[in-house]
Each structure stands twice: as structure tokens, then as C-alpha cells.
Amino acid sequence: MPAMKLAGNFFLVGLMGSGKTTVGRALARRHGKTFFDSDHEIEARTGVRIATIFDIEGEARFRERERQMIAELAQRKNIVLATGGGAVLNPENRRQLAAHGTVIYLRASIDDILTRTQHCTNRPLLQTADPRGKLEQLFAERDPLYREIADLVIDTTQQNVNLLISQLEERLGQPPKPPTEPDQA
């Protein structure tokens, strides 16, 4: 595992449905950082859903949009960024993420991901007759790339967000902020 970079930015990588957006929002809120989701930023910029970009422009054009968005967001300070599951396929994305913050690989079981994504229609890669087979293929292809740049790996299988955040804080060596209590006047 590479030396821990206790930089201000936290970049979350992992397969779709691994909890990047949910954990990212909670981590940002708890530590006073700004949260971004690269897929949501692409949708906001283009005015269409990721699935529409895949349908009209294809995966290659989407991956170029993703590369541009990650390059832009990685330059910001004090953020938590949830990346798209395939962001690690591009070596430039891996370089940007590793160079500008702490990379956290959120890893979930295929069963958990299937449960979390079973009703999603906005995941183009899962619009197939065999979603499990597709997820197994994606995991085999991407797991080594996630691990290549990860400063730490957290298993999100059947865990709640608060427990995950506590594990992250413990492993990063950053104590949680104390909760704000109302004045006792």
C-alpha cells in the first residue's frame, strides 16, 4: 500500500453501487468538505443523463467527458469526489486522482451491488440479460486498477454509512469532528 497522503481531498473509487455517492456525501458533510459526483457533474453540464450520452455518443465519448471532468475537479481543494465506476480505466484519471488526494476504494460484494442497483435504469452497463455476469467481468477488469491507486480499501458490504465513515476516519488517522450540541443556557 502506498504511503498515506493526508491531503485535503478524498477521491472515492469502486464499482457502481459500491456506495461512493452515499459515503462521499456523508464524509464531506462530517468534515466540512464540498462533495462532487463526477457523473452528476457531467449530467449537469450536458443537460442529459449518462445513459443518454452512452446511447447517442457511445462509451468512448463519455469516457472523454469523464476524463475532462476528473481533471478539472481533481484540481480543487478540500473536496470529496465520487468517481464513476469506470473512471479508473483511463491512466490519466488514475494519475490525477493519485496525485491530488487520498484515494479510497469502496469495495462491495457482487450480491450487494446487484441488490443496490436492481431497480436502476440509469446504469447503461447493467442493461443486459446477465447483470451478474457483467458485474463479475467489470470487477475482474477494474479491481486491480482500483487497488493500484488506492491509499486504502474499505469493504462496504452490508455496512451502514456511519460505521464506514468511522472506519475511514480511524484508518486515515483523523478523529471525527465532535457533534455540535445546542447551547445549554
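The values are calculated or read from the model by the stated rules, or taken from the named source; none is laboratory data. Keep in mind that this is a model prediction, so the values were computed, not measured. No Cβ is skipped: glycine too gets one built from the backbone with ideal geometry, and neighbour counts run over all protein chains shown.
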Item to check | Given (1) of a type in the set (A, V, I, L, M); (2) part of a helix (DSSP H, G or I); (3) within 26 Å of L168 (Cβ to Cβ), index of the condition A60 fails | outcome: (3)
Checklist entry - What number of residues within the stretch 30-57 satisfy the criterion of being among the small types (G, A, S) and either assigned to a helix (DSSP H, G or I) or touching a Cys at 6+ places or on another chain (Cβ under 6 Å) (or both)? => result 3
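Could you check the stretch 66-86 and list, in sequence order, the residues that are in contact with a Lys or Arg (Cβ under 8 Å, 6 or more places away or on another chain) and surrounded by 18 or more Cβ atoms within 10 Å (Cβ to Cβ)?
Hits for the stretch 66-86 are M69, I79, V80, A82, T83, G85, G86.
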Next on the checklist: Tell me whether the stretch 3-24 contains one or more residues that are of a type outside the set (A, V, I, L, M, F, W, C), farther than 22 Å from V153 by Cα and outside any strand (DSSP E or B).
Outcome noted: no
Checklist entry - Which residue pairs have Cβ atoms under 7 Å apart, sit 6 or more places apart or on different chains, and have a first residue in the stretch 25-43 that is modelled with pLDDT of 90 or more and a second that is of a type in the set (S, T, Y) and not in a strand (DSSP E or B)? => result D37/T21; S38/T83
Checklist entry - Considering only residues of the stretch 149-160 that are within 14 Å of the chain's Cα centre (by Cα) and among the β-branched types (V, I, T), which is modelled with the lowest pLDDT? => result T156
Checklist entry - Quick check: is even one residue across the stretch 25-42 more than 19 Å from V153 (Cα to Cα), of a type in the set (S, T, Y) and surrounded by 15 or more Cβ atoms within 10 Å (Cβ to Cβ)? => result yes
Item to check | Neighbours by Cβ (under 6 Å, 6+ apart or cross-chain): first from the stretch 161-185, closer than 16 Å to A26 by Cβ and basic (K, R); second surrounded by 11 or more Cβ atoms within 10 Å (Cβ to Cβ) and modelled with pLDDT of 50 or more | outcome: R171/L152
